[in-house]
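Values in this text are rule-based calculations from the coordinates and carry no lab data. Given the structure is predicted, the values throughout are model-derived calculations rather than measurements. Cβ placement follows ideal geometry from the backbone for every residue including glycine, while neighbour counts extend to all protein chains displayed.
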Amino acid sequence: MQRPRLKDNKGRVPFEIYQIGQIPQATILQMGKWLTYHYLVGNKDLAGDKWGDIFAASIGGTHLGSPLGLADVVFDTQCWSTKTIKATKPHNTDKVRIISGRCSPDYSYGITDPHEDIQKTGTAVLSIFNERINIAKDMYEPLRAVILIRNFESFEFSIFEHDIYRYVTTEYEWRENKENNLEGFDKSNGRHCFTWQPHGSQFTVLYEVPASVIKFKVKQPPVLDFVKTLEQVGFDDSWVTII
């Protein structure tokens, strides 16, 4: 749906390169090209930073050298947190666990024993994450997560987006699991939403893959011929200098 027209929102005009979940086919084609090139130059898999480079190149945006809050890639006033995970069958994956950085209640709030009051610790973890959202939204709006599910052996991929919004900390109940990690559950439906690991302070968000997910497959690139590739770039022995 279009953004509603209101009398008091004249000063708020968030820029959207496209509506959420409606990534243009031309952009997916660009991703396919960059993923193929990434493989051809010798990479057998894809790290998060490189996915940020590919997504930015595909939309004509900028991959920030250092994230601003949760903002990794920006285009005009819009930004994305770029994440990628590996899966055996990307086209059949319906849930993903996304590592979303480190949240340290000790550093931020002085909570030295996270197990003493797990509700307080869980609230602190979400408050830290919310602050990272605030930092990004101070500069950019809207803020989305763009998640690539990948398999570089079958060259199958799925991509989807989620709006990133501040969490209402009172809406979640925290429990300890058998590994002594804390898990956050939505009080309204019991859904497992977050996991936080006291050792290392790693914070994970659990996403359900939406119906708007885009599934695509890229033809397996050929292996580059050693001699022909060197000829194409004009290599000769003068490129090697023995010192």
Check: Using only the Cα atoms of the stretch 176-220, what do you get for the radius of gyration and for Dmax, in Å?
Finding: 15.5, 45
Item checked: Reach of K50 by Cα under 17 Å, taken over aspartates and glutamates that are not fewer than 8 positions away in the same chain -> D72
Next item on the list: Over the stretch 13-86, consider all pairs of different Cα atoms and compute the Kirkwood hydrodynamic radius from their mean reciprocal separation; express it in Å, one decimal.
Entry: 13.0 Å
Next item on the list: Sort S81, S58, S127 so that the residue with the fewest other Cβ atoms within 10 Å of its own Cβ comes first and the one with the most comes last.
Entry: S127, S58, S81
Margin query: Output the 0 to 90 degree angle, nearest 10, between the alpha-carbon long axis of helix 118-139 and the longest principal axis computed from the alpha carbons of the chain.
Written below: 50 degrees
Note to self: Nearest 500 deg cm²/dmol is fine: what mean residue ellipticity at 222 nm does the chain get from its DSSP H runs of n ≥ 4 alone, each adding -39,500 (n - 2.57), divided by its residue count?
What the structure shows: -8000 deg cm²/dmol
Check: Using the alpha-carbon atoms, what tilt in degrees (0 to 90, nearest 10) does helix 25-40 show relative to the longest principal axis of the chain?
Finding: 60 degrees
Next item on the list: Run down the lysines and flag those whose C-alpha is under 25 Å from the C-alpha of K44, throwing out any fewer than 8 positions away in its chain.
Entry: K33, K83, K86, K89, K95, K215, K217, K219, K228
Notebook entry, point to check: What label, among (i) 19.3; (ii) 16.3; (iii) 14.2, belongs to mean projected area of the Cα convex hull in nm² computed from the structure on display?
Noted result: (i)
